[in-house]
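Undergrad: One structure, as structure tokens, below. Some questions next.
Only the coordinates and a few stated rules stand behind these numbers; no lab work does. Given the structure is predicted, the values throughout are model-derived calculations rather than measurements. For neighbour counting, all protein chains shown are included, and Cβ atoms are generated from backbone atoms with ideal geometry for every residue, glycine included.
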Amino acid sequence: MTSRLLVHGKVDEFVGRLLKSAEVIAPHRTPGGDLLYASVDTAADVSWDPGIPMESLKRFLMPQRETILQFSKNGKMSVSAVYDDKPKVFLAARCCDVTGVSVLDAMFGGTYQDPYYLMRRGQSTFIALTCQQPDTNCFCVCGDAGPFLKKGYDQQWTWLPEGMLVEIGSEQGQRLADAHADLLVPAELEHIKRRHQLAKEAEGRFGDFRAYVAGAMRKLSMEEVESEVWEQLADHCVDCGGCAFLCPTCSCFTTTDRFDGAEGIRERHWDACSYSCYAREASGHNPRAHRKTRLHARFFHKLSHQWAQRNARHACVCCGRCLTTCLAWAHMPAAAEAIRRGAMK
Amino acid sequence: MAEIATTCPYCGCGCGLYLHVADGQVTGVTPSRSHPVSQGRLCLKGWHAHELMDNPTRLTKPLVRRDGELREASWEEAREAVRAGLQQALAQGGSHSIGILGSARCANEDNYVLARFARGVLGTPNLDCSLRTGEPLTSGEIGDLDRSDLIVLVCNDPNEEHPAVSARIYRARQRSAGLIVISTRRHALARLADVHLSLRPGAEGHTLAGLTRLIVDSTEADGEIEAVRRSVPAISPEEVEKAAGVPAEELRRAARRYLESAQVTLVYSSALTLSPSATAAVSALADLSALARAQVGPQVSLLALASRNNLQGSLDMGVSPDMLPGYASLEDDTAAGRLTGVWGDGLCHEQGLSAWQMLGQVRALYVMGDDLLRAAADPGAVQEALSGLDFLVVQDLFLGPVARLAHVVLPAAAFGERDGTFTSLEGRVQRVRQAVPPPGEAREDWRIIAEVSAALGRPMSYQSSEDVFSEIADLIPIYQGLNYHALETPGGVRWPGRAAEAAALFAWQGAPQPVTLNGAGPQVTEQYPMLLLADPTLGPWDEETTIASTLTVSVEFALVGKDYPSGMLCLNPEDAKRLGLRSGRNARVTSSRGEGTMRVQVTEEAPPGIALTPWWQAARLGLLETVACPDTDRPVLGPTPVAVAPA
């Protein structure tokens, strides 16, 4: 599949056309100055600024709170599933976030199929935007999740001086390019060379944080992590759940039923494995009553080979959001280092 | 796009967050990274703030008690019932027979209109909030923690109470700033501290006086520090060791660490102000601040952490029996004249009763979003006093324990259903914005009060929350010149940094305060060889009304109540071994006031000889001594000698 070029001045028109047929989710700069993925109304709402949006794409594929069933007991019981089948285009999605979707796919599309997630997923198109300027806490170079992607996208866009280089990564991406062929011109070899040069330059711009996950993966998978590591990490966690909520690959949830007379709904809410009640059983027994066991479970799920084999990669896309949001100091770079060294610094 | 920038409605930190709205429902929360307090972080509570909206347990219609039962009514009927009840109280007992409780969680606009309603319309000075404590005013800011090379935590646990403050402390540790923790409980931050002074409960004053004395004595200088030297009693580290159980050498080490620092932030919370020796302890902290002003030791920032999102704002708005809005003295004729000019004649500027004094003394009580029962040391007695009232009105989000006793219940709008402002513990005046309409017939607290006032023949002319705020900005000097537009930036505006009037309010922090030590708390005896401490920093949110009514978080916060229904008794492993107790076993706890059964948790967090239990559970046990807080007369649970044995 060949690459194309979307010349300057045509980008907004392209976005305008996307908006006619789908919900477009793209980075948006709020009046307060935050960068958030949002469902945009116009091309002008899209922010092309560098930087990582506060949250991943997860909120749009699996909302923090959603209604999944409706039921009524008027006469006979009736139950119906509630799906969101609106077509969605994720525009200027960060490479780490697009990579994160592959881990969600493995969770929700594997042995147990989650129809609510899969409905949204099946209606989604991912247009990744390469990151030429990483954010302060980014370390995707450590996790094969950016700043430029080799696969996993429908289209990957890169800003070049001449316009937007459009790489095609799937048949869906190809169809989208074909549908708007009048806005695109074939890319020259010069453009491709320039893109590879930019990728190399971007890799040199990362900040101080690194997570050398390979060593941590080995120790976790072999159950060789010193127990003190979990005790120390437990003193550096306040159970806020922020790391799980912002993580592009975390997928824990809980459900609750609400009744109003004979009618009712089932809601699904995000949950976090670091919460003390997460694994608590109805009997009152809690296999993960201590925070250290919860943190062990969390990082085992993120980094062990056992899980990496199932997901086709480890479950950290190195977006750095846990580092931004941690109320204490139990984020991925801190944990990976503690696991590798056998103690917290 | 439907991302509404607003302010978290839980603790006093004032984090910035976005509410996501889809199809008329608030579906979630995202922390704001550009916000100066949250910086991209939220705690467990903040992450679920959206669950207050579209919540099936919310009040949606007014309720009026008929034939002994609360029944749904129209607003007209409810307003008429409130008017009749209040007018009857006025006719029978006069204005002073009515008490008004404002709220540490409602917005400034609500508290301001309530203060006007109390002092200006009803003419009663009995206006308070049950969470008001001695000295919550703070000149320091959370950002000071980033600039400090030493942080001293005094009888608080930000991991439980103010997690946004914890985030700064953990980051300060990463850049090698020092940490001294002065607390009975050996919590996570105490375990990570350079020095942990684990004191016997009740000896907070002694410990801080001893530390301050060591620091004063480190200098020969005189002049300004002479006044501080006179204020702090000459207590030696050995005497502190005897009174507080803090090893003398550890106290010296803490003093040395303090004197080696250049910039110190002293952090305390309302947990300290609930201690029987709070006055002495807070005075000693003010003296450390005064020393810094006299160039002895490091620069000091004093950070008092208000427990609720708008405790600071409720005080700013004059929800207090001791002052007029804007901290104006009751004798301040200029301030009274300014208020009368807008409110009309009949301003009551007398000294009123505190929330706790009102019980048993007033005949009618009007409660706006205040959990009086939850703050009570003896909930049974408070419940009895509330049940004995001639007339009780409650406006709130949920039918909580106070509302269930009311004659009229009025449904209020939650933070995501209205516009307004909260003022954080650092005096940050911040916007709260409407994301969705209130459920059913619920409406903003200020609007409900204005309507009741109109029913009493004293209409107020506000059309919007912004109208109320512009009156606040006109009448309250520390808010002068502020408007919703000026508050648009993330983090709003900190009034302590801008208003000239603010300086006078913080003068106490720079002036030497005499430290009076009245005994180091109760002593154990042969019959009662252990001390039981009702720890306000253990699970401070566990039964909070707005938490208990959420969908997912309430599960997390209900855990201690589920696992320890009779009360959690935290024992040190040594004590547990000696007593033959293990985690999960029941223990019989006896004090001079009675006997009860509690369930044991063996934990290193409890120091030897001291048993800990969450404050909210202890209040129900009836085992602990109650003492009155000097500033508010609030009865608090004091540390109590007990005997513990297997049940």
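Undergrad: To the nearest 20 debye, what charge dipole does the protein assembly as shown have about its Cα centre, counting +1 at the Cβ of each Lys and Arg and -1 at the Cβ of each Asp and Glu?
TA: For this selection, approximately 2760 debye.
Undergrad: What order do you get for B:Val402, B:Val64 when you list them from fewest to most C-beta neighbours inside 10 Å?
TA: So the residues, fewest neighbours to most, are B:Val64, B:Val402.
Undergrad: Rounded to the nearest 5, what is the percent of antiparallel bridges among the DSSP beta bridges in chain A?
TA: Rounded to the nearest five, the antiparallel share is 80 percent.
Undergrad: Right, another one. Pick from A:Asn311, A:Asn137, A:Asn74 the residue whose mean-square fluctuation is largest in a GNM of chain A, springs joining Cα atoms under 10 Å.
TA: Answer for the Gaussian network model of chain A: A:Asn74.
Undergrad: Same structure again: Tell me, what are the semi-axes, in whole angstrom and largest first, of the equivalent ellipsoid of chain B as set by the roots of 5 times the Cα gyration tensor eigenvalues?
TA: Values for chain B, descending: 39, 29, 24 Å.
Undergrad: Within chain B, which is the longest segment that contains none of the GluC sites (Glu not before Pro) sitting in a DSSP loop with at most 14 other Cβ atoms within 10 Å?
TA: Between the exposed loop sites, the longest stretch runs B:1-219.
Undergrad: Remind me, relative contact order of segment A:100-182 in percent, using alpha carbon pairs under 8 angstrom and six or more residues apart?
TA: 22
Undergrad: Rounded to the nearest 500, what is chain B's calculated 222 nm mean residue ellipticity when only DSSP H runs of at least 4 contribute -39500 (n - 2.57) each, over all residues?
TA: One gets -8500 deg cm²/dmol as the mean residue ellipticity at 222 nm.
Undergrad: Tell me whether chain A comes out rounded, prolate or oblate; compute the Cα gyration tensor, take square roots of the eigenvalues as a ≥ b ≥ c, and use a/c under 1.5 as the rounded threshold.
TA: oblate
Undergrad: By DSSP, what percent of the beta bridges with both residues in the protein assembly as shown are antiparallel, rounded to the nearest 5?
TA: Once the DSSP bridges in the protein assembly as shown are tallied, antiparallel ones form about 60 percent.
Undergrad: Sort segment A:80-225 into rounded, prolate or oblate with this rule: let a ≥ b ≥ c be the square roots of the eigenvalues of the Cα gyration tensor; rounded if a/c is under 1.5, and if a/c is not under 1.5, prolate when a/b is larger than b/c, oblate otherwise.
TA: oblate
Undergrad: On average, how many beta carbons from a partner chain sit within 10 Å of the beta carbon of a residue in B:40-50?
TA: The per-residue average across the peptide is 6.
Undergrad: Further question on the same structure: How far is helix B:248-259 tilted off the main Cα axis of chain B, in degrees rounded to 10, range 0 to 90?
TA: Rounded to the nearest ten degrees, it is 60.
Undergrad: Separate question: Counting pairs of alpha carbon atoms under 8 Å apart in space and at least six apart in sequence, what relative contact order in percent does chain A give?
TA: After rounding, I find 21 percent.
Undergrad: Further question on the same structure: When chain A is treated as a GNM, springs tying every alpha-carbon pair under 10 Å, which of A:Gln64, A:Gln132, A:Gln155 comes out with the largest mean-square fluctuation?
TA: Checking each option, the largest mean-square fluctuation is seen for A:Gln64.
Undergrad: Starting from the exponent 0.38 and prefactor 2.2 Å, build the expected Rg for segment A:1-90 from its residue count and divide its actual Cα Rg by it.
TA: Cα-based Rg divided by the globular estimate yields 1.49.
Undergrad: For chain A, modelled as a GNM with alpha-carbon contacts under 10 angstrom, which of A:Val317, A:Val185, A:Val79 fluctuates the most?
TA: For chain A, modelled as a Gaussian network with Cα springs under 10 Å, the answer is A:Val79.
Undergrad: Scanning chain A for GluC sites (Glu not before Pro) in DSSP loops with at most 14 other Cβ atoms within 10 Å, what's the longest stretch left with none?
TA: With a cap of 14 other Cβ atoms within 10 Å, the longest stretch comes to A:1-187.
Undergrad: Continuing with this model, one more query. Per residue, how much space in cubic angstrom lies within the convex hull of the C-alpha atoms of the protein assembly as shown?
TA: About 184 Å³ per residue, rounded to a whole number.
Undergrad: Another question, then. Work out the charge dipole of chain A with +1 on the Cβ of Lys and Arg and -1 on the Cβ of Asp and Glu about the Cα centre, then indicate which of A:Cys96, A:Leu233, A:Phe139 is farthest towards its positive end.
TA: After comparing all options, I get A:Leu233.
Undergrad: Pull up the cross-link candidates among the lysines for A:Lys88, meaning alpha carbon to alpha carbon under 23 Å and not fewer than 8 places away within one chain.
TA: Excluding near neighbours in sequence, the set is A:Lys10, A:Lys20, A:Lys58, A:Lys150, A:Lys151.
Undergrad: Now a separate question. Roughly how big is segment B:400-467's charge dipole about its Cα centre, with Cβ charges of +1 (Lys, Arg) and -1 (Asp, Glu), in debye to the nearest 20?
TA: Here the size comes out at about 120 debye.
Undergrad: Take every DSSP beta bridge with both residues inside segment A:103-256 and express the antiparallel ones as a percent of the total, to the nearest 5.
TA: 70
Undergrad: Could you compute the net charge surrounding B:Asn159? Neighbours are other residues with a C-beta less than 15 Å from the C-beta of B:Asn159; K and R count +1, D and E count -1.
TA: It works out to a net charge of 0.
Undergrad: In addition: Once you list every other residue whose beta carbon is under 12 Å from the beta carbon of B:Arg443, what net charge do they have if Lys and Arg are +1 and Asp and Glu are -1?
TA: Combined, the nearby Lys, Arg, Asp and Glu give -2.
Undergrad: Now, a different point. On the first, second and third principal axes, largest extent first, how far apart are the outermost C-alpha atoms of segment B:1-141 in Å?
TA: Reported extents, whole Å, longest axis first: 55, 42, 24.
Undergrad: Local charge sum around B:Gly596 (other residues, Cβ-Cβ under 10 Å, Lys/Arg +1, Asp/Glu -1)?
TA: +2
Undergrad: How big is the gap, in Å, between the Cα center of segment B:432-475 and the Cα center of segment A:131-209?
TA: 52
Undergrad: Then there is this: Relative contact order of segment B:144-305: what whole-number percent is it, with Cα pairs under 8 angstrom and at least 6 residues apart?
TA: Averaging sequence separation for qualifying contacts and normalising by length gives 28 percent for segment B:144-305.
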